[in-house]
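Take a look at the structure set out below.
The values are calculated or read from the model by the stated rules, or taken from the named source; none is laboratory data. As the structure is a computational prediction, the values presented were derived from the model and not from experiment. Note that each Cβ is placed from the backbone with ideal geometry, even for glycine, and that neighbours are counted across all protein chains shown.
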Amino acid sequence: MFVSIGCCVTKRPPVFKLCQRALYLTAGGNLANHRISNYEVYFNKAAKRTRAPVLRSLQKYIGTDLLFLAGGNPNTATFPLAAAQLRLRNGQTVDIDEADMNVALQYGETRGMLQIREWLTELQRRLHDPPTLPPPGVSSSANSDMITITTNGCTEAFSKILGMVLEEGDSLLVEEATYPSIFNVTEPLGCKPAAVKNDAHGIIPSDLSKVLSSWVEATSGPRPKLLYCVPNGGNPTGANLTLERRKEVYALARKFDLLIIEDDPYHMLQYSRPLLPSLLSMDVDGRVLRCDTVSKLMSAGARLGYVSGPKQFLDRIVDLREGVSGGGSILTETIMMKVFQNMGYDGYIEHGCRVADFYHQRSQVASRTAEKYLKGLAEWSAPQAGMFLWMKLLGVEDSRPVCQKLIQKGAVVVQGHIFCPVSVNSPYIRVSFSYASEADLDKTFSWLAEILKEQPEQ
């Protein structure tokens with residue numbers, strides 16, 4: 001029998017904000033006095049050389065009384081698409097008329113459509129109430145004021161951030177079991193991971209403090225200035241960073257002057273409500289760069305993400321993107337904006353509750369099936385969010401041979417070593433239960449049990 005987590009309340013009680021500010025004051029004194037004023041000290045040499053492309057700078061004249069003959073925009077009358085109608089799963093329809101379609105088919109702002117940026121900014125206000133976000137109707141002015149820009153998913157967001165900060169020989173702070181795509185960015189940059197221990201409750205602050213306080217630049221290179229973490233539904237661990245640990249991690253970031261990449265695609269997929277406060281909600285300094293995506297809630301194929309953080313930092317990312325890619329898909333943003341408007345903020349948050357409930361039920365099926373076949377052969381903690389089961393195979397030094405045998409039987413899971421910052425053997429595997437049926441899980445775990453029982457003593 002499954003227990004629904006139910007739908008969450010969209011507005012926090014007024015006392016939350018007061019308590020929240022009090023917590024952060026104890027971590028570092030007056031709020032305004034700790035705001036970061038200049039991000040140049042964090043940028044690498046390439047980022048410091050980045051300038052806004054001249055052609056893009058002329059776009060400020062579009063929509064004025066001037067005759068604009070400076071753009072390379074194609075004439076939308078030559079495009080075959082004219083309008084579209086989307087049918088939602090609830091039976092409702094959403095229309096994209098010809099005027100909206102003409103906008104959607106054209107080049108757009110590199111930082112994302114104004115309409116969708118405003119919608120997402122208000123969503124961040126409702127979900128996180130960031131201390132550095134200006135009040136409604138007030139434009140950002142300080143370098144550390146929060147803004148939101150769109151990206152092609154979370155991966156592009158954090159890859160751009162890393163590319164703006166890291167130099168060859170630098171180190172990036174990561175959890176000892178973490179999302180492996182981060183290494184696809186750091187390795188070509190010539191950067192090294194600095195592993196921090198984590199467990200079923202997320203990154204361990206005392207180990208983070210130990211790593212930073214014992215850092216020897218003469219042998220290890222410059223002390224890290226950037227921490228990457230997945231605070232909810234850790235990929236691969238399924239762990240949620242506890243509230244107490246979040247406060248400790250942020251306090252350490254202030255102490256050692258770190259920037260934090262908060263990669264949080266599973267924020268809305270937490271299995272319990274109310275949602276744990278984000279690091280962005282604690283960010284009184286402007287040192288958190290929060291990466292979100294619609295991939296897990298709305299559409300993975302949309303490739304729509306958004307990053308929220310300090311204005312000066314994100315403006316530099318926009319300059320970099322303008323000179324290379326020109327930004328994301330305005331067609332995608334138009335489609336998603338129509339869906340957002342149809343759902344409204346309350347509808348979006350309620351949808352997140354339903355999706356979280358869906359994966360919570362699947363996690364229970366996965367855990368129950370694993371218990372049926374793998375008790376005494378493997379260990380795992382119940383995931384707190386997301387869509388993965390992180391399992392330690394007992395009596396196994398390296399899971400790779402086991403995974404190969406499992407493929408021969410007919411199932412594929414991920415061997416644990418690819419999630420490790422350094423090249424080591426790992427007894428872990430990651431099992432995804434997002435789309436696997438109960439029958440699929442039953443077969444996979446029964447085959448895995450057969451393989452483990454055949455393993456020689458190590």
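Based on what the data block shows, is Ala382 at pLDDT 95 or above, farther than 30 Å from Thr50 by Cβ and either in a strand (DSSP E or B) or in contact with a Pro (Cβ under 9 Å, 6 or more places away or on another chain) (or both)? So Ala382 does not fit the description; no. Look at (1) buried (at least 24 other Cβ atoms within 10 Å of the Cβ); (2) closer than 24 Å to Gly163 by Cα; (3) among the aliphatic types (A, V, I, L, M) and you find that Leu252 fails only one, number (1).
Looking only at segment 421-439, decide whether some residue is surrounded by fewer than 20 Cβ atoms within 10 Å (Cβ to Cβ) and part of a helix (DSSP H, G or I). Yes, some residue in segment 421-439 is surrounded by fewer than 20 Cβ atoms within 10 Å (Cβ to Cβ) and part of a helix (DSSP H, G or I).
Residue count for segment 197-235 under the criterion of being under 20 Å from Val424 (Cβ atoms) and free of Cβ contacts under 8 Å to residues at least 24 places away in the same chain: the result is 3.
Please verify whether Leu86 is at negative phi, within 33 Å of the chain's Cα centre (by Cα), free of Cβ contacts under 8 Å to residues at least 60 places away in the same chain and surrounded by 12 or more Cβ atoms within 10 Å (Cβ to Cβ), treating the condition exactly as stated. Taking the combined requirement at face value, the residue does not satisfy it. Take the conditions (1) under 23 Å from Lys296 (Cβ atoms); (2) at pLDDT 95 or above; Ala157 misses just one of them, which is (2). Number of residues in segment 244-295 that are assigned to a strand (DSSP E or B) and aliphatic (A, V, I, L, M) equals 5. Of the residues in segment 101-118, at least one is in a loop (DSSP other than H, G, I, E, B), surrounded by 15 or more Cβ atoms within 10 Å (Cβ to Cβ), touching a Phe, Trp or Tyr at 6+ places or on another chain (Cβ under 8 Å) and at pLDDT 90 or above.
One residue is enough: does segment 392-399 have a residue meeting the conditions in a strand (DSSP E or B), more than 22 Å from the chain's Cα centre (by Cα) and either farther than 20 Å from Thr178 by Cβ or not assigned by TED's automatic domain parsing to the domain that holds Asp263 (or both)? Checking segment 392-399: at least one residue is in a strand (DSSP E or B), more than 22 Å from the chain's Cα centre (by Cα) and either farther than 20 Å from Thr178 by Cβ or not assigned by TED's automatic domain parsing to the domain that holds Asp263 (or both). Cβ-Cβ contacts under 9 Å between residues 6 or more apart (or on different chains), taken from a first residue in segment 285-300 that is in the same structural domain as Ile335 (by TED's automatic domain parsing) and free of Cβ contacts under 8 Å to residues at least 12 places away in the same chain to a second residue that is buried (at least 19 other Cβ atoms within 10 Å of the Cβ) and of a type outside the set (Phe, Trp, Tyr), are listed as Ala300/Gly153; Ala300/Thr293; Ala300/Val294.
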